[in-house]
Amino acid sequence: MLETMTERIIKPARNLSGSLRLPGDKSISHRYAMLGGFAEGTSTFANFSTGADCASSLGCVQALGAKVDWLEDGGVAVTGTGGAFASSAEPLDCGNSGSTMRMMAGLLSTQAGEFTLVGDASLSRRPMERIRKPLMAMGANLVLTDGHAPIVIRGTSLFGIDYTTPIPSAQVKTALLFAGLQAEGTTTVRESVRTRDHGELALRAFGAEVTRTVDSVSITGKQQLKAIDSIVPGDISSAAFFLCAAALFPESNLVLDGLGLNPTRATLLDVLTALGATVAVLDLEEKYGELVGTVQLNPPPKGMGGTTVSGALAAQLIDELPVLAAIAPYSRNGIRIRDAKELRVKESDRIALVAQNLRAMGAEVEEFEDGLDVPGGQQLHGAQIDSGGDHRIAMAFSIAALRAEGETSILGAESAAISFPEFFDLLESVAER
Ligand SMILES: O=C(O)C1=C[C@@H](OP(=O)(O)O)[C@@H](O)[C@H](O)C1
Ligand SMILES: C=C(OP(=O)(O)O)C(=O)O
């Protein structure tokens, strides 16, 4: 949660048109920052995420002895510690970033010394037992504060385990793989829903051997990482705001270049297609296992239909669900979201805040423990939106505001900078009024 509350006024638009290239993917940037900081040699990451969350990951590896330099072209150079982090007397500040805290906990569990991971008020409320339990099973010494941060880690030797994740979480999977990288023997993580696989791809990119089956991933310990030079693909979770906005207006024409299209992240394109949009993917390329391409979206000519997002889809679309729910009233048949209980333990309770803000804009919405039913055929009106200091809520309701009657005020708009500082400027550049 950020300290100051900035208000931002969003006016209705007629369509969204233009061509954009978005800053680097947050999930990939976190993993590159951490593994670059751990590897031997100097890595460069062009188009590194500009968000505050990834700056938290860079700040942590820097405090642990890595050298971090922002390059003139917006990339980052990270000179790693060759597999041995320095001990840090100061607490490591993970800011608002769950990814930083959980994945760093895995990486630090075998490192000599004592480390304390702290976060802001929002992060200090989020569940950390999900990493403590499997890391302790590997032999880690990790103490939480009532299930939450601060996390105190006393580095020790770990051994590999075979672990089935009880909740779909790429952060937990990656934390265990990062711990397994330095453990004795083999660590296997099994998951019933295949979550984003950037952790396994990044480990391979830095030279580690990682094996996969349909529902598991394994790493054998004591492997050394070597620096890489890479380009971070544009963030598809940031693109989601523009893609959903374009889908609201039959006259839109949006092109996104250099966009990350990893199949474990691109489910939104299928959902938009199910809602009636036409999505063309061009110039597909691969770099270190990550797919990148150009996406052209033509909106549904007669408006969006309706759809249900549940099961594996809900886990794969977890960060896109707030914006999907926010545009749902403008569909004909509504959007139903289930199996998304995890939304309640993100930067805010995203189910409650989406329902509250949709109601503020005049929509009818039904809230469930694990999702929402948002009926279609509803015209929203401008209102004051409470972002709760949550970047995805601030951005989701900026999109809903584009088709509302009257102006909408987004309170806590500055939170967009957690993942996407350029959001409001880019939105103004493509929204036609
Ligand atoms: O691994 C990652 O980079 C992320 C995984 C997801 O969290 P969970 O692992 O908690 O589902 C997602 O919500 C978060 O924004 C980024
Ligand atoms: C949940 C998110 O991130 P994190 O868990 O890393 O804070 C997010 O970016 O929506």
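The values are calculated or read from the model by the stated rules, or taken from the named source; none is laboratory data. Just so it is clear, the structure is predicted and the values come from calculations on it, not from any experiment. No Cβ is skipped: glycine too gets one built from the backbone with ideal geometry, and neighbour counts run over all protein chains shown.
Scanning segment 16-28 turns up one or more residues that are within 16 Å of the chain's Cα centre (by Cα) and over 27 Å from Ile410 (Cα atoms). Residues considered: Thr145, Thr156, Thr165. Of these, the only one that is within 18 Å of Phe38 (Cβ to Cβ) and among the β-branched types (Val, Ile, Thr) is Thr156.
For segment 335-360, the set of residues classified as touching a Pro at 6+ places or on another chain (Cβ under 8 Å) and either at pLDDT below 95 or more than 16 Å from ligand 2 (Cβ to nearest atom) (or both) consists of Leu358 only. State yes or no: is Asp93 acidic (Asp, Glu) and free of Cβ contacts under 8 Å to residues at least 60 places away in the same chain? In short, yes. Only strands (runs of 3 or more DSSP E) whose full extent lies in segment 133-193 are considered here, and the ones with at least 1 residues that are within 15 Å of ligand 1 (Cβ to nearest atom) are 148-154, 162-164, 186-190.
Residue-wise test of (1) touching a residue at least 60 places away in the same chain (Cβ under 8 Å); (2) crowded, with 18+ Cβ neighbours inside 10 Å; (3) not aliphatic (A, V, I, L, M).
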| site | (1), (2), (3) |
| --- | --- |
| Thr42 | yes, no, yes |
| Val61 | no, yes, no |
| Gly65 | no, no, yes |
| Val76 | no, yes, no |
| Ala86 | no, no, no |
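Being among the acidic types (Asp, Glu), within 15 Å of Ile28 (Cα to Cα) and either away from ligand 2 (no atom under 16 Å from the Cβ) or touching a helix residue (DSSP H, G or I) at 6+ places or on another chain (Cβ under 6 Å) (or both) is a property that Asp229 has.
Just checking, does segment 200-219 include any residue being within 16 Å of ligand 2 (Cβ to nearest atom), on the phi < 0 side of the Ramachandran plot and not charged (D, E, K, R)? Checked segment 200-219: at least one residue is within 16 Å of ligand 2 (Cβ to nearest atom), on the phi < 0 side of the Ramachandran plot and not charged (D, E, K, R). Each residue in segment 194-214 was checked for being part of a loop (DSSP other than H, G, I, E, B) and among the charged types (D, E, K, R), and 4 of them qualify.
Do we have any residue at all in segment 119-132 that's closer than 27 Å to Gly185 by Cα, crowded, with 19+ Cβ neighbours inside 10 Å, of a type in the set (S, T, N, Q) and within 16 Å of ligand 2 (Cβ to nearest atom)? No - not one qualifying residue is present in segment 119-132. Residue-level check: of (1) of a type in the set (A, V, I, L, M); (2) in contact with a Gly (Cβ under 9 Å, 6 or more places away or on another chain); (3) buried (at least 21 other Cβ atoms within 10 Å of the Cβ); (4) outside any strand (DSSP E or B), Val217 misses just (4).
Let's see how each residue does on (1) more than 21 Å from Gly389 (Cα to Cα); (2) touching a helix residue (DSSP H, G or I) at 6+ places or on another chain (Cβ under 6 Å):
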| position | (1), (2) |
| --- | --- |
| Asp319 | no, yes |
| Pro322 | no, yes |
| Ile327 | no, yes |
| Asn333 | yes, no |
| Arg336 | yes, no |
| Glu342 | no, no |
| Val345 | no, no |
| Arg350 | no, yes |
| Leu353 | no, yes |
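Taking Arg403, is it of a type in the set (D, E, K, R) and more than 16 Å from ligand 2 (Cβ to nearest atom)? Criteria met by Arg403.
Can you find a residue that is acidic (Asp, Glu) and under 17 Å from Ala63 (Cβ atoms) anywhere in segment 116-126? Within segment 116-126 (the criterion being acidic (Asp, Glu) and under 17 Å from Ala63 (Cβ atoms)), the answer is yes, since at least one residue qualifies.
Scanning segment 170-194 for residues that are surrounded by fewer than 24 Cβ atoms within 10 Å (Cβ to Cβ) and under 15 Å from Glu342 (Cβ atoms) turns up Gln171, Glu191, Ser192, Val193.
Here Phe48 qualifies as assigned to a loop (DSSP other than H, G, I, E, B) and within 30 Å of Asn298 (Cα to Cα). Only one of the listed residues (Ala312, Ala394, Ala383) is touching a Ser or Thr at 6+ places or on another chain (Cβ under 9 Å) and under 24 Å from Gly51 (Cα atoms). That residue is Ala394.
Of all residues in segment 392-413, those satisfying the criterion of being surrounded by 22 or more Cβ atoms within 10 Å (Cβ to Cβ) and either over 24 Å from Ser331 (Cβ atoms) or of a type in the set (S, T, N, Q) (or both) are Ser398, Thr408, Gly412, Ala413.
One line per residue, one yes/no per condition, for (1) within 14 Å of ligand 2 (Cβ to nearest atom); (2) under 14 Å from Leu71 (Cβ atoms); (3) at pLDDT 95 or above:
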position: Arg21; (1), (2), (3): no, no, yes
position: Lys26; (1), (2), (3): yes, no, yes
position: Arg31; (1), (2), (3): yes, no, yes
position: Gly37; (1), (2), (3): no, no, yes
position: Gly41; (1), (2), (3): no, no, yes
position: Thr44; (1), (2), (3): no, yes, yes
position: Asn47; (1), (2), (3): no, yes, yes
position: Gly51; (1), (2), (3): yes, no, yes
position: Ala55; (1), (2), (3): yes, no, yes
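Can Arg350 be described as basic (Lys, Arg) and more than 19 Å from Ala277 (Cα to Cα)? When the stated conditions are applied, Arg350 passes them. Can we say Thr81 is more than 22 Å from Gly180 (Cα to Cα) and either in contact (Cβ under 8 Å) with a residue 12 or more places away in the chain or among the aliphatic types (A, V, I, L, M) (or both)? In short, no.
Looking at segment 418-433, is at least one residue within 16 Å of ligand 1 (Cβ to nearest atom) and closer than 23 Å to Gly311 by Cα? So far as segment 418-433 goes, no, none of its residues is within 16 Å of ligand 1 (Cβ to nearest atom) and closer than 23 Å to Gly311 by Cα.
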